[in-house]
Amino acid sequence: MASAIPGPVPLPASQYDLTTYLGRVKHCAEISDPTMLLSTSKDIEHAKRLIWDYKNGVIPEMTPELWRAKKILDSSIHPDNGETVFLPFRMSSCVLSNLVVTAGMLTPGLGNIGTAFWQIANQSLNVAINISNGNKSHPLTTQQLVTNYAMAVSASCGVALGLNSIVPRLKNVSPNTKLILGRLVPFAAVVSAGIVNVFLMRSEEIKKGIHVFDDNGDNVGISKKAAVQAVGETAASRVINATPIMVIPPLILVRLQKTILKNKSIGIQTVANIGLIFATSLAVLPFALAVFPQRRRISVDSLEEKFRGLKNKQGEEIKFLEFNRGI
């Protein structure tokens with residue numbers, strides 16, 4: 001994010017009011033804009049120079065060009081270390097990166113092998129996104145990453161395969177209800193494994209805490225309470241993000257397969273499925289991402305005792321601190 005660029009002049013967090021849900025929706029629509037994937041390395045470096053000029057007083061006020069530069073950086077670089085995030089794992093690639101694995105998981109009639117394959121693919125993508133965008137206060141070791149990845153994959157495959165075997169055996173349930181429940185199995189697997197994934201991949205943050213910053217962007221220490229809130233909200237956001245994408249398309253597809261898609265080829269049904277997922281993702285992702293702000297502002301009274309009574313470099317008592325929640 002643009003906030004990673006150094007300089008004494010504070011950069012406006014957004015063109016929109018991030019204290020309101022609608023303002024965050026508009027902001028999230030910008031940083032998840034797929035057209036930002038067209039930004040080249042040269043564009044990113046140019047954006048960094050512009051933002052540096054503003055934060056160091058060379059440019060006196062925000063301009064349309066500066067807002068464009070901020071949008072490029074917010075969708076391309078990590079807020080903690082300022083490094084460019086690998087393209088498939090950026091926020092601007094979220095819809096496209098998830099499209100293939102989501103379509104795979106929601107494909108009707110998958111057997112056990114197909115179910116396991118797509119759950120593994122989804123968890124692999126989740127781990128990559130967590131590593132690329134998570135809070136960088138305490139990076140995991142390779143051993144921890146491998147262990148946590150294996151546990152997340154086991155959780156998702158266990159839930160998916162277990163429910164796939166249970167649903168057909170349900171008694172006193174109509175065939176149509178069984179069909180709908182079967183289509184929602186991937187959702188249950190993704191949600192349960194997503195929560196496990198977040199807590200495992202970010203376990204070091206909970207154990208050791210994360211960096212918190214004052215309004216000037218100065219690091220004032222490490223807080224475990226902030227870490228618990230950051231990881232908890234991220235886990236909740238995974239449920240919120242997955243719900244519309246994993247629920248709406250399969251339910252609509254069930255209806256279409258009984259009407260206009262009836263007796264159509266597998267190819268046509270697959271295209272319809274991908275189209276539904278893509279349209280739903282574009283429409284609802286900003287609303288889901290906006291539930292929790294990524295840069296979280298928290299009262300020092302909600303943190304450890306050591307943060308109370310601190311003063312910033314202007315000599316004013318610090319009442320609120322900020323931290324990067326991660327995604």
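The values are calculated or read from the model by the stated rules, or taken from the named source; none is laboratory data. Everything quoted here is computed from the prediction, not taken from an experiment. Cβ placement follows ideal geometry from the backbone for every residue including glycine, while neighbour counts extend to all protein chains displayed. The accessibility values were calculated without ligands, DNA or RNA, using every heavy atom of the protein model including side chains. Shrake-Rupley method; radii C 1.70, N 1.55, O 1.52, S 1.80 Å.
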Are there any helices (runs of 4 or more DSSP H) wholly within segment 162-269 with 1 or more residues that are open to solvent by less than 30 Å² (accessible area, probe 1.4 Å), hydrophobic (A, V, I, L, M, F, W, C) and within 25 Å of L110 (Cβ to Cβ), and if so which? 185-201, 224-257
I need a count of the residues in segment 12-67 that are open to solvent by 80 Å² or more (accessible area, probe 1.4 Å) and of a type in the set (S, T, N, Q). 3
If the requirement is being within 19 Å of the chain's Cα centre (by Cα), surrounded by 15 or more Cβ atoms within 10 Å (Cβ to Cβ), at pLDDT 80 or above and closer than 30 Å to I210 by Cα, which of these qualifies: N148, N135, N122, N130? N122
Considering only residues that are open to solvent by 30 Å² or more (accessible area, probe 1.4 Å) and closer than 20 Å to G326 by Cβ, which ones fall in segment 290-303? V291, F292, Q294, R295, R296, R297, S302
Close pairs (8 angstrom Cβ cut-off, 6 or more residues apart or separate chains): within 12 Å of T35 (Cα to Cα) in segment 68-81, open to solvent by 20 Å² or more (accessible area, probe 1.4 Å) and modelled with pLDDT of 80 or more anywhere: K71/E30; K71/D33; I72/D43; S75/E30; S75/D33; S75/R90; S76/T84; S76/R90
Condition met for L99 (closer than 18 Å to S281 by Cα and either touching a residue at least 40 places away in the same chain (Cβ under 8 Å) or surrounded by fewer than 19 Cβ atoms within 10 Å (Cβ to Cβ) (or both)): yes
For segment 1-10, give me each residue that is buried (at least 18 other Cβ atoms within 10 Å of the Cβ) and out of contact with any Asp or Glu (no Cβ under 8 Å at 6 or more places or on another chain). S3, I5
Restricting attention to segment 72-81, does a residue exist that is open to solvent by 50 Å² or more (accessible area, probe 1.4 Å) and either under 25 Å from N219 (Cβ atoms) or at pLDDT 90 or above (or both)? yes
Can you confirm whether A29 is of a type in the set (G, A, S), modelled with pLDDT of 85 or more and in contact with a helix residue (DSSP H, G or I) (Cβ under 9 Å, 6 or more places away or on another chain)? yes
How about segment 273-288: which of its residues are open to solvent by less than 30 Å² (accessible area, probe 1.4 Å) and of a type outside the set (V, I, T)? N273, S281, L285, P286, A288
Suppose we filter segment 284-303 for residues that are assigned to a helix (DSSP H, G or I) and under 11 Å from D214 (Cα atoms); how many remain? 1
Subset tally (residues that are open to solvent by less than 70 Å² (accessible area, probe 1.4 Å) and assigned to a loop (DSSP other than H, G, I, E, B)) for segment 304-327: 9
Taking the criterion of being at pLDDT 90 or above and under 15 Å from the mean Cα position of the chain (by Cα), would at least one residue in segment 217-231 satisfy it? yes
